[in-house]
Amino acid sequence: MFRHSRKSSGASAPSVTGGAVRVLTAIFLSAFLAAVAFGQQVPTPKSVLGFQPTDDRTIADWKQITDYFAKLDAASGRVKVQEIGKTTLGRSQIVAFISSEENIRNLEQHRGFSESIANAVPGQKIDLGRGKAIVAISCSIHSTEIVASQMSMLMAHELASATDAETKNILDNVILLLIPSANPDGIDIVADWYRKTLGTKYEGSSPPELYHHYAGHDNNRDWFMMNLAETRNITKLFWQEWFPQIVWDVHQQGQTAARMTVPPFFDPPNPRIDPRILRELGLLGYKMAADLQATGQAGIVTNATYDTWWHGGFRSAPYYHNSIGILTEAASAELMSPVTITKQQLERQGPTRGYRNPLETATNAPDAWQGGEWSPKDIARIELVAGFGVLEMASKFRKRYIENMFQLALKNQQAGPNEPEAFVVYAGQPREETVSRFLEILMWQGMEVRLLTEEIEGATDPNMRDHIHEIPGGSFIVMVNQAQKPNVLSLFEEQVYPERLNEKGEAEVPYDVAGWTLPLQMGVEYTPVYNIKDSANLLGRTEVIRDINRARKALNLSPVSGPFSKMPNPLRNPARVGLYKGWTGSMDEGWTRLVLDSHSIGYKTLMDEDVRSGELGSDVVILPSMGERSIVQGNSEQRYPKEYTGGIGDEGVDNLRKFVSEGGRLVCFDSSCDLVIKAFGLPLKNTVEGLNRGQFYCPGSILALDVDTSDPLARGLKERTPAYFTRSSAWEIGEGSAVKSVAKYAEDDLLLSGWILGEQHIKGKTAIASAKHGKGEIVLFAFRPQHRGQSFATFRFIFNALERMK
């Protein structure tokens, strides 16, 4: 057993007669032999792989992992493996359902019950006691955090073969949805690289490419946006089909961090998460911590680092679906190679929120780890202990978790104070394709969207509810009081992040971003609606949209062949586009590729050697947001083989100057602008450079731009356009300069969603600039106009920059 052993309760056993002993002995012997035979029928991971998963310097790739799960399915009635879709690169993405044989035989019945609980309607009578707890465990979405994918086979085997009473209770009461990896493509990228470098000085290094084709680490930032195939596959499994009450996302963190960080998390919580969810999350986290402490494992930390403010992660999205989302972060090794961590290294670990130092004890870290060897097997061991702790809780409190989801679904259908009745997406607005994609995103995560079949009347200002407006038929309406109300509100509302300063008066850094309001990011025109006239009969004036092609018909768009089809190419006179990539694995480059691919825009990938040789073959070259050192110097030979090092070098910078002088257009996003401003001697000063977090800070928020719509780069844009700012820049242009300001950060009402401290430093400053150089042009974005593939509102700036120059 992988779980810690349980001590006897101390109760004395009842006495039995000799005959009874013989009968019981025969029964127990028969049961024992049956259990042994059963266990022998279930293949061990080692018998299939040829090695024990999580042993040092071993790694199973995706084919090996799926082969093992297929054999487990064939051998055990407790396991059923199902493909849930294809990955970005075409691999099979799977889930393993694990439960008792009876539950597995009746999976569809249990799925239907879970769906009815999640979408409960007032007055509905359901026997909650007959349901099973649905628990989802997902491994290695970040594939360099590789151990969980290997551990998943050990967990599956344990559940498929064990015959003890504790396991039986789990199997009888819980249906586990085990996802061996949320990023199968990345498992192979990491496995291939690890095998290639094993036994060399590069052993344990990360691959010199993104471990997700488009997103890299940001594949865990897509969970309300649905840009990635893997996100859509799992979202369909969770929020269209199974509706798990508990979701555990298994991660790793830095080598010198806590041995494992578990819930509850740090402040601030998002106000749209029901307090009951946060309390249950804390209980599960403390169960994990207590079980790990019982095994003698030091270095387990709660209430630190990670928070529950942001929406878009694997474990945070469930909160808005009335589900408990768990994140654990175990300390890493060097991929599948062990490391030795010294006290000196732990002392150098800087403080994080709620956690001063790994060597110090505190209420949330009562047993400090003092260093030593740390191996993949150690990581798997604590993940297994934590995982079985969750399953035991789900088994013991099965009805409680089911009842919580049921009651929250009903509660969400009741009007809350100061909440709108609905949000309306206006008919007749431009960018119909973007509106269609926005609606598809909402519908894919289970949100009910309706079409207004006739005009309605309602107020659009919460402070002027008697001021009634006409809302045209043909508009789309999303009612707030539906089962997943928190998701509706958290995506439509403007976020107001609480100002949090440390003892130095500097901004406390949130875990990810502060604001994400989806229609603002996408440039979709919408409004909250209050005091709807004749609201009792409203639904009779609407039609539920059940298929994206029904929405597209209402938008006068052609039907599409399937979900999330490619969008039409927006370019009228496309230039030849080159996109710089290099070997440092830039997520911003990946997201740029996704935007180009999803809009059917052709491009050439430019590697370091292409830029060094001057063989650009392009009319427009895009430098994604990457620092100067990453672009010019690239990877170090101390960490990577020579063919993956060196960057574009000084000769590459010279070739970019030549490219522009001879008539090319160089387009730069965010961090890459620093290199280009310096290399071309442009008279631009970053007004926030050098400011500390007490003077200026904006950690991922939506800001307003004032746009010069007469500029060709702003064709099709509005005079006021939302843009995404995440630790970005703002420029002052030198007097008498030929550099032109295309868009500026707004002077008034700058912050649209999120948090900004010291906004006076960027108000009225340039956000998009263009400059002629020789026969060509440079276009500079102080922010990322394609941020995580979410900011559709500013995509048009990019598309305009990719038109052929006249």
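For the range 190-207, the set of residues classified as aliphatic (A, V, I, L, M) and within 22 Å of LEU154 (Cα to Cα) consists of VAL190, ALA191, listed by residue number. Listed by first and then second residue, the pairs with beta-carbon distance under 9 Å, at least 6 apart or on different chains, first residue in the range 234-247 and within 16 Å of GLN82 (Cα to Cα), second of a type in the set (Lys, Arg), are GLU241/ARG111; TRP242/ARG111.
Looking at the range 686-710, which of its residues are of a type outside the set (D, E, K, R), open to solvent by 10 Å² or more (accessible area, probe 1.4 Å) and either outside any strand (DSSP E or B) or in contact with a Pro (Cβ under 7 Å, 6 or more places away or on another chain) (or both)?
Looking only at the range 686-710, we keep the residues that are of a type outside the set (D, E, K, R), and these are 686-688, 690-692, 694-705, 707, 709-710.
From what is left, the residues that are open to solvent by 10 Å² or more (accessible area, probe 1.4 Å) are 686-688, 690-692, 694-697, 707, 709-710.
Answer for the range 686-710, where residues must be of a type outside the set (D, E, K, R), open to solvent by 10 Å² or more (accessible area, probe 1.4 Å) and either outside any strand (DSSP E or B) or in contact with a Pro (Cβ under 7 Å, 6 or more places away or on another chain) (or both): THR687, VAL688, GLY690, LEU691, ASN692, GLY694, GLN695, PHE696, THR709, SER710.
VAL247 passes every criterion in (1) touching a strand residue (DSSP E or B) at 6+ places or on another chain (Cβ under 8 Å); (2) open to solvent by less than 20 Å² (accessible area, probe 1.4 Å); (3) in a loop (DSSP other than H, G, I, E, B) apart from (3). For SER636, state whether it is touching a residue at least 40 places away in the same chain (Cβ under 8 Å) and small (Gly, Ala, Ser). Taking the combined requirement at face value, the residue does not satisfy it. For the range 126-134, check the following and say yes or no: at least one residue is of a type in the set (Lys, Arg) and touching a His at 6+ places or on another chain (Cβ under 8 Å). Checked the range 126-134: at least one residue is of a type in the set (Lys, Arg) and touching a His at 6+ places or on another chain (Cβ under 8 Å).
Any idea which of GLY764, GLY694, GLY754 is of a type outside the set (Phe, Trp, Tyr), in contact (Cβ under 8 Å) with a residue 60 or more places away in the chain and at positive phi? Even if it seems obvious, please write down each step before you answer.
Numbers: GLY764 fails: in contact (Cβ under 8 Å) with a residue 60 or more places away in the chain; GLY694 fails: at positive phi.
Just one listed residue meets the conditions, GLY754.
Using the structure shown, decide if PRO263 is in contact (Cβ under 8 Å) with a residue 12 or more places away in the chain and either aromatic (Phe, Trp, Tyr) or closer than 30 Å to GLY204 by Cα (or both). In short, yes. Just one of the listed residues (GLY204, GLY199, GLY186, GLY216) is in contact with an Asp or Glu (Cβ under 6 Å, 6 or more places away or on another chain) and at pLDDT 95 or above, and it is GLY204. Please go through the range 621-657 and pick out each residue that is open to solvent by less than 20 Å² (accessible area, probe 1.4 Å), part of a loop (DSSP other than H, G, I, E, B) and in contact with a Gly (Cβ under 6 Å, 6 or more places away or on another chain). Within the range 621-657, just GLY647 meets the criteria. Restricting the first member to the range 708-732 and to residues that are farther than 14 Å from VAL742 by Cβ, and the second to residues that are in a loop (DSSP other than H, G, I, E, B) and among the aromatic types (Phe, Trp, Tyr), the beta-carbon pairs closer than 7 Å and six or more apart or on different chains are TYR724/PHE783; PHE725/PHE783; SER728/PHE783. Selection within the range 149-197: residues that are touching a Gly at 6+ places or on another chain (Cβ under 9 Å) and over 26 Å from PHE238 (Cα atoms). The member of this set that is most open to solvent (accessible area, probe 1.4 Å) is THR163.
Kindly establish whether LYS678 is open to solvent by 20 Å² or more (accessible area, probe 1.4 Å) and either small (Gly, Ala, Ser) or more than 15 Å from GLY582 (Cβ to Cβ) (or both). Give the steps one after another, and end with the answer.
Numbers: open to solvent by 20 Å² or more (accessible area, probe 1.4 Å): yes; either small (Gly, Ala, Ser) or more than 15 Å from GLY582 (Cβ to Cβ) (or both): yes.
The answer is yes for LYS678.
Within the bounds of the range 182-202, is there any residue that is under 22 Å from ILE65 (Cα atoms), within 20 Å of the chain's Cα centre (by Cα) and part of a loop (DSSP other than H, G, I, E, B)? Yes, the range 182-202 contains a residue that is under 22 Å from ILE65 (Cα atoms), within 20 Å of the chain's Cα centre (by Cα) and part of a loop (DSSP other than H, G, I, E, B).
Taking the range 379-414 as the range and being under 24 Å from the mean Cα position of the chain (by Cα) and farther than 19 Å from GLN124 by Cβ as the test, the residues that pass are ILE379, ALA380, ILE382, GLU383, LEU384, ALA386, GLY387, VAL390, LEU391. Look at (1) more than 24 Å from GLN52 (Cβ to Cβ); (2) among the aliphatic types (A, V, I, L, M); (3) more than 21 Å from the chain's Cα centre (by Cα) and you find that ALA215 fails only one, number (3).
Based on what the data block shows, is GLU493 in contact (Cβ under 8 Å) with a residue 24 or more places away in the chain and charged (D, E, K, R)?
Working: in contact (Cβ under 8 Å) with a residue 24 or more places away in the chain: yes; charged (D, E, K, R): yes.
Criteria met by GLU493.
Identification of helices (runs of 4 or more DSSP H) wholly contained in the range 350-453 with 1 or more residues that are crowded, with 20+ Cβ neighbours inside 10 Å, of a type in the set (A, V, I, L, M) and at positive phi yields no element. Within the range 116-132, if we keep just the residues that are within 10 Å of ILE402 (Cα to Cα) and outside any helix (DSSP H, G or I), the residue that is most open to solvent (accessible area, probe 1.4 Å) turns out to be LYS132.
Can you name the residue in the range 30-50 that is within 16 Å of LEU154 (Cα to Cα) and open to solvent by 40 Å² or more (accessible area, probe 1.4 Å) and, of all such residues, is modelled with the lowest pLDDT?
Keep residues of the range 30-50 that are within 16 Å of LEU154 (Cα to Cα), which gives 39-50.
If we keep only those that are open to solvent by 40 Å² or more (accessible area, probe 1.4 Å) too, we end up with 40-41, 44, 46-48, 50.
Numbers: GLN40: 62, GLN41: 91, THR44: 98, LYS46: 98, SER47: 98, VAL48: 98, GLY50: 98.
Per the criteria, the residue is GLN40.
Tell me, please, whether a residue that is touching an Asp or Glu at 6+ places or on another chain (Cβ under 7 Å) and either in a strand (DSSP E or B) or closer than 18 Å to LEU154 by Cα (or both) can be found in the range 64-71. No, that holds for no residue.
Does the range 156-175 include one or more residues that are part of a strand (DSSP E or B) and touching a Leu at 6+ places or on another chain (Cβ under 8 Å)?
Taking the range 156-175 as the starting set, the residues that turn out to be part of a strand (DSSP E or B) are 174-175.
Filter once more, keeping what is touching a Leu at 6+ places or on another chain (Cβ under 8 Å): 174-175.
Looking for residues that are part of a strand (DSSP E or B) and touching a Leu at 6+ places or on another chain (Cβ under 8 Å), one finds at least one in the range 156-175, hence yes.
Just so you know, in the range 711-754 the residues that are open to solvent by 60 Å² or more (accessible area, probe 1.4 Å) and under 22 Å from GLU499 (Cβ atoms) include one that is modelled with the lowest pLDDT, and it is ARG727. For the structure I just gave you, tell me whether GLY299 is touching a residue at least 24 places away in the same chain (Cβ under 8 Å), crowded, with 19+ Cβ neighbours inside 10 Å and more than 20 Å from the chain's Cα centre (by Cα). Against the criterion (touching a residue at least 24 places away in the same chain (Cβ under 8 Å), crowded, with 19+ Cβ neighbours inside 10 Å and more than 20 Å from the chain's Cα centre (by Cα)), GLY299 qualifies. Of the residues LYS642, LYS744, the single one that is under 30 Å from ALA514 (Cβ atoms) and of a type in the set (D, E, K, R) is LYS744.
The values are calculated or read from the model by the stated rules, or taken from the named source; none is laboratory data. In this text the structure is predicted, and so the values were computed from the model without any measurement. Glycine gets a Cβ as well: all are built from the backbone with ideal geometry, and neighbour counts include every protein chain shown. We work out accessible area using only protein heavy atoms, side chains counted, and drop any ligands, DNA or RNA first. Shrake-Rupley method; radii C 1.70, N 1.55, O 1.52, S 1.80 Å.
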